[in-house]
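In what follows, a structure is listed as structure tokens, so that the remarks can point back to it.
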Ligand code: ADP
């Protein structure tokens, strides 16, 4: 398990065995030069020395490029130790076991003994040395008379005693690692440690969040296990060195999205700069939140719909009542045979009343149809390049001829072109101008059209009742009104339709207003 390589036997890790390989080879070189210097005529063939050096260096290099050698660095070290010893005995044999070489042999065996980190390795080495020594004594019988054997056995025993102390230390470390690991694994929160975005450790709770095992998770890139839509967010956060807390979505092994809350901070892990991240699943909480929001939205929709039905019925009834009254009167007059009293002028007035009321009815029904069209996403635009100021002038002249004549409307219109749907944009302008007169308390109005860096801008300003700040965003929603229906009639649909039309043109609509002082509506439409 990769995770446990962080715990058990850190001392026996690749780095320490690499270090031992370097020590062994340095020791070997030192001995090589010492022999050249102090025992110039000794048996010491260059070929065998070179072979041993080559094996050590190749072994060391292999721990960097071969995954297998990396994992088995300690066997490389053991092999090297045995090889150096074997070579030493070969030279020893060639030099007929002279006293200098007995000393060299002790030093070699002692140095190698001290480097072993496990009892099994030391035992195997001791047996190897013992067998080599027996072979040597058999082939060089005069050695049996020397201190060769007792000295060798003393050195091996000393090495063993030192090993005991070292093993105790390793055991203590392993115990504390096991304790750490069980704590690491028993938290409710998932814990991930990553280095530059690559997971180097993860606890069981963390792996469970990904519905995977620890082995499957270690080595993975963080961004590969984040939901594609959130990768940019997470990548940006990973650039920040500070402590962070945010919500995001990860992908379980089977691709299921899992919503999580995470906290991250930097630390030094295994002596390298890394980030520790704690994860907590919040899918259930998020689902509950979404359900609550949906329920609230539904309740709000029902409230708005009821309010709308009551406002709409009121609005429809007003023109209908006027129509009905007039028709009833004419009906009564026709029953009394008094239709003759309808002079042409009076008849024209009645017809104008009929037309006004039917126009109002048509307008109301049109608004409702428009709302149903835009909320079903069926707002189709028939675009063409048009001059916004020309369109505004046309609407203002139709709707407000009196205000223009009386100087109550100031227009500042610069020609600005936009690619839009003439009929729809006309509807927006009509709506804003109608509202400005409806809520403007008959005070002067100002309309301007100009170009800013990217947009064609239309502003319609009045000095009327204004809008309280809590309503300035809401009035662009369906059925939302900032006034009581008792005061000023309306369906609360006009600005909603305006917003939909403007947004369909990739533009924006907003208002700045002071309650009691007036409002300025601003429409921005892209110029290109
Ligand atoms: P309606 O005018 O039919 O109510 P709108 O959607 O056009 O619907 O407007 C929504 C609300 O915004 C209005 O009810 C009104 O409260 C507020 N409003 C719109 N224009 C103005 C304005 N020029 N001045 C003050 N309030 C306004």
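The values are calculated or read from the model by the stated rules, or taken from the named source; none is laboratory data. Note that the coordinates shown come from a computational prediction; the quantities given were computed from them, not determined experimentally. When we count neighbours, we look across all protein chains shown, and the Cβ atoms used for this are built from the backbone with ideal geometry, even at glycine.
For (1) farther than 20 Å from residue 102 by Cα; (2) touching a strand residue (DSSP E or B) at 6+ places or on another chain (Cβ under 8 Å); (3) surrounded by fewer than 17 Cβ atoms within 10 Å (Cβ to Cβ); (4) touching a residue at least 12 places away in the same chain (Cβ under 8 Å), each residue gets a yes or a no:
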{"residue": "41", "(1), (2), (3), (4)": "no, no, yes, no"}
{"residue": "47", "(1), (2), (3), (4)": "yes, no, yes, no"}
{"residue": "64", "(1), (2), (3), (4)": "yes, no, yes, no"}
{"residue": "69", "(1), (2), (3), (4)": "yes, no, no, no"}
With the condition kept exactly as written, say whether any residue in the range 403-414 is more than 19 Å from residue 508 (Cβ to Cβ), away from the ligand (no atom under 16 Å from the Cβ), part of a loop (DSSP other than H, G, I, E, B) and at pLDDT 95 or above.
yes
Of the residues 293, 327, only one is farther than 30 Å from residue 480 by Cβ, out of contact with any helix residue (DSSP H, G or I) (no Cβ under 7 Å at 6 or more places or on another chain) and either in contact (Cβ under 8 Å) with a residue 60 or more places away in the chain or loosely packed, with under 15 Cβ neighbours inside 10 Å (or both); which?
327
Is it the case, given these coordinates, that residue 196 is under 21 Å from the mean Cα position of the chain (by Cα) and more than 22 Å from residue 254 (Cα to Cα)?
yes
Would a scan of the range 439-461 turn up a residue that is within 25 Å of residue 315 (Cα to Cα), touching a helix residue (DSSP H, G or I) at 6+ places or on another chain (Cβ under 8 Å) and either part of a strand (DSSP E or B) or within 7 Å of the ligand (Cβ to nearest atom) (or both)?
no
Please verify whether residue 461 is surrounded by 16 or more Cβ atoms within 10 Å (Cβ to Cβ) and in contact with a strand residue (DSSP E or B) (Cβ under 8 Å, 6 or more places away or on another chain), treating the condition exactly as stated.
yes
Residue in the range 496-511 that is over 36 Å from the mean Cα position of the chain (by Cα) and either under 27 Å from residue 312 (Cα atoms) or surrounded by fewer than 20 Cβ atoms within 10 Å (Cβ to Cβ) (or both) present:
no
Six or more apart or on different chains, Cβ under 9 Å: which pairs go from a residue in the range 464-479 that's more than 22 Å from residue 503 (Cβ to Cβ) and more than 7 Å from the ligand (Cβ to nearest atom) to one that's assigned to a loop (DSSP other than H, G, I, E, B) and at pLDDT 90 or above? Could you list them?
468/515; 469/515
Number of the exception - residue 425 against (1) in a helix (DSSP H, G or I); (2) touching a residue at least 12 places away in the same chain (Cβ under 8 Å); (3) within 14 Å of the ligand (Cβ to nearest atom):
(3)
Inspect the range 114-122 for any residue being more than 27 Å from residue 34 (Cα to Cα) and at pLDDT 85 or above and give the result as yes or no.
yes
Considering every residue within the range 360-367, establish whether at least one is outside any helix (DSSP H, G or I) and closer than 26 Å to residue 418 by Cα.
no
It is to be established whether one or more residues within the range 187-203 are farther than 30 Å from residue 116 by Cβ, touching a helix residue (DSSP H, G or I) at 6+ places or on another chain (Cβ under 9 Å) and surrounded by fewer than 11 Cβ atoms within 10 Å (Cβ to Cβ).
yes
Would you check which residues across the range 484-520 are assigned to a strand (DSSP E or B) and either at positive phi or more than 10 Å from the ligand (Cβ to nearest atom) (or both) and list them?
508, 509, 510, 512, 514, 518
When the residues of the range 370-393 are narrowed to those that are at pLDDT 90 or above and under 25 Å from residue 492 (Cα atoms), which ends up surrounded by the fewest Cβ atoms within 10 Å (Cβ to Cβ)?
391
Single unsatisfied condition, residue 230 versus (1) more than 19 Å from residue 200 (Cα to Cα); (2) out of contact with any strand residue (DSSP E or B) (no Cβ under 7 Å at 6 or more places or on another chain); (3) in a helix (DSSP H, G or I):
(2)
